[in-house]
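Okay, so here's the structure we're looking at.
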Amino acid sequence: MPTDVCLSLGSNLGDRHTLITTAIEQLTRRAGTTLAVSRYYETEPWGFRSPHPFLNVALSLRTDLAPLPLLDLTQQIERELGRTVKSSPGDTYADRPIDIDLIFYADTCLDTPRLTLPHPLMHLRRFVLEPLAEIAPTIVHPTLGRTVSELLEQCPE
């Protein structure tokens, strides 16, 4: 059964706009139907220092893929677009050509070693919330009980 998901995409190396656009095209071709794409937001790196600003965008997608196969696909697309190192919890963040994060998978709550849904840091990241509020302001976070718009208003950044 098709499921609506929200993803956050970012890039701060190379041709950022083309990398994000290509990632969106690949996700649409291989995962499902694009429902909405936010405008592009330029932001400072979060969690590390770099002279390279990010472009960030939110994507709403309808997919038949389950959460872990969708995660596998996003990581495959990242590799295809030049990402060689994936951050994991506790790692130091670094510059990257592309980053694709699953933010919401409908109202699914999941906590596995490979994937936590909703994204565990989304409510602390303005670079995720601003684009997401543009395309999905009324989605309610299933554990925090607040809409994306409310989370943006309360974001500490």
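The values are calculated or read from the model by the stated rules, or taken from the named source; none is laboratory data. Since the structure is predicted, the reported quantities are computational estimates derived from the model, not experimental observations. Positions of Cβ are generated from backbone atoms using ideal geometry, with glycine treated the same way; all protein chains shown enter the neighbour counts. These area figures cover heavy atoms from the full protein model, side chains too; ligands, DNA and RNA do not enter into them. Shrake-Rupley method; radii C 1.70, N 1.55, O 1.52, S 1.80 Å.
Of all residues in region 1-60, count the ones that are in contact with a Lys or Arg (Cβ under 7 Å, 6 or more places away or on another chain) and aliphatic (A, V, I, L, M).
Adding up the residues that qualify gives 3.
What pairs come out if I take residues in region 2-25 that are aliphatic (A, V, I, L, M) and pair them with residues that are open to solvent by 30 Å² or more (accessible area, probe 1.4 Å) and modelled with pLDDT under 95 whose C-beta lies under 6 Å away, six or more apart or interchain?
Going by the 6 Å Cβ cut-off, the qualifying pairs are Leu13/Asp95.
In region 123-142, which residues are of a type in the set (Asp, Glu) and closer than 20 Å to Thr108 by Cβ?
none
Take the conditions open to solvent by 60 Å² or more (accessible area, probe 1.4 Å), at pLDDT 95 or above and over 16 Å from the mean Cα position of the chain (by Cα) and apply them to Arg39. Does it pass?
Here the answer is no, as Arg39 does not meet what is asked.
Residues that are more than 23 Å from Pro118 (Cα to Cα) and of a type outside the set (Phe, Trp, Tyr): list the strands (runs of 3 or more DSSP E) wholly contained in region 1-104 that include at least 1 such residues.
Filter on region 1-104 gives 41-43.
How about region 113-145: which of its residues are part of a loop (DSSP other than H, G, I, E, B), over 12 Å from the mean Cα position of the chain (by Cα) and without any contact (Cβ under 8 Å) to a residue 12 or more places away in the chain?
Correct list: Pro113, Thr138, Gly145.
I'm checking my understanding of the structure. Among residues of region 110-129 that are at pLDDT 95 or above, open to solvent by 20 Å² or more (accessible area, probe 1.4 Å) and in contact with a strand residue (DSSP E or B) (Cβ under 6 Å, 6 or more places away or on another chain), which one is nearest to Leu61 (Cα to Cα)?
The extreme case among them is His119.
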